[in-house]
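J.: Below is the structure I would like to discuss, written out as structure tokens.
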Amino acid sequence: MGYTRFHKTPLPTATQALGRLPNGEMNRTETAYADELEYRRQAGDVVWWAFEGLKYRLADNTFYTPDFVVMLRGGQLQAHEVKGHWEDDARAKIKVAARLFPIEFIAVKKTRTGWERETF
């Protein structure tokens, strides 16, 4: 569907890391998961979702922005992180966020049969 946070494709910047997309732009796996969330929204399981919708402050100069914030039908908020593989700092940040904030943090990974979930 071509989702981006601002419905436009941001231009790369000189400080952007090699292989990383600009903030607000989804990679292919994130786009596939956005399709999944939209399907769940239309089915009534998900009320609302946003890509990079919240930013959590973990410590001085340390922040974590999950890929998706999701509100379920019952009003429960969740933070969903879409991963192909984990870098050590990303796993540490989601674990710290799960200890600090009273919402469920979930990592999702695309498999041949759907989405594998890990809850923190």
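The values are calculated or read from the model by the stated rules, or taken from the named source; none is laboratory data. Just so you know, these numbers come straight off a predicted model, no measurement behind them. Backbone-built Cβ (ideal geometry, glycine too); neighbour counts: all protein chains shown.
J.: For region 69-89, which residues satisfy the criterion of being modelled with pLDDT of 95 or more and within 21 Å of Thr29 (Cβ to Cβ)?
T.: Residues satisfying the conditions are Val69, Val70, Gln78, Ala79, His80, Glu81, Val82.
J.: Being among the basic types (Lys, Arg) and within 16 Å of Leu58 (Cα to Cα) is the filter; apply it to region 90-113 and report the residue that is modelled with the lowest pLDDT.
T.: Pass one, region 90-113, residues among the basic types (Lys, Arg): 91, 93, 95, 99, 109-110, 112.
From what is left, the residues that are within 16 Å of Leu58 (Cα to Cα) are 91, 93, 95, 99.
Details: Arg91: 93, Lys93: 96, Lys95: 97, Arg99: 98.
If we take residues in region 90-113 being among the basic types (Lys, Arg) and within 16 Å of Leu58 (Cα to Cα), then Arg91 is modelled with the lowest pLDDT.
J.: What residue, of Arg57, Arg40, is within 21 Å of Phe120 (Cβ to Cβ), modelled with pLDDT of 95 or more, among the basic types (Lys, Arg) and not in a helix (DSSP H, G or I)? Spell out how you get there, then give the answer.
T.: Details: Arg40 fails: not in a helix (DSSP H, G or I).
One residue alone meets the criteria, Arg57.
J.: Working only within region 103-117, note down all residues that are surrounded by fewer than 16 Cβ atoms within 10 Å (Cβ to Cβ) and within 13 Å of the chain's Cα centre (by Cα). Break it down into steps so the answer makes sense when it comes.
T.: Applying the first criterion (surrounded by fewer than 16 Cβ atoms within 10 Å (Cβ to Cβ)) to region 103-117 yields 104, 111-117.
Of everything in region 103-117, those that are surrounded by fewer than 16 Cβ atoms within 10 Å (Cβ to Cβ) and within 13 Å of the chain's Cα centre (by Cα) turn out to be Glu104, Arg117.
J.: Quick one: in region 50-66, of everything that is within 13 Å of Phe101 (Cβ to Cβ) and among the charged types (D, E, K, R), which residue is surrounded by the fewest Cβ atoms within 10 Å (Cβ to Cβ)?
T.: Filtering first and then ranking leaves Lys55.
J.: Which ones in region 67-95 are surrounded by fewer than 17 Cβ atoms within 10 Å (Cβ to Cβ), touching a strand residue (DSSP E or B) at 6+ places or on another chain (Cβ under 9 Å), part of a helix (DSSP H, G or I) and of a type outside the set (D, E, K, R)?
T.: Listed by number, the list holds a single entry, Ala90.
J.: Being closer than 21 Å to Gly24 by Cα and part of a strand (DSSP E or B) narrows it down to one of Trp115, Trp48, so name that one.
T.: On the way: Trp115 fails: closer than 21 Å to Gly24 by Cα.
After ruling out the rest, the residue left standing is Trp48.
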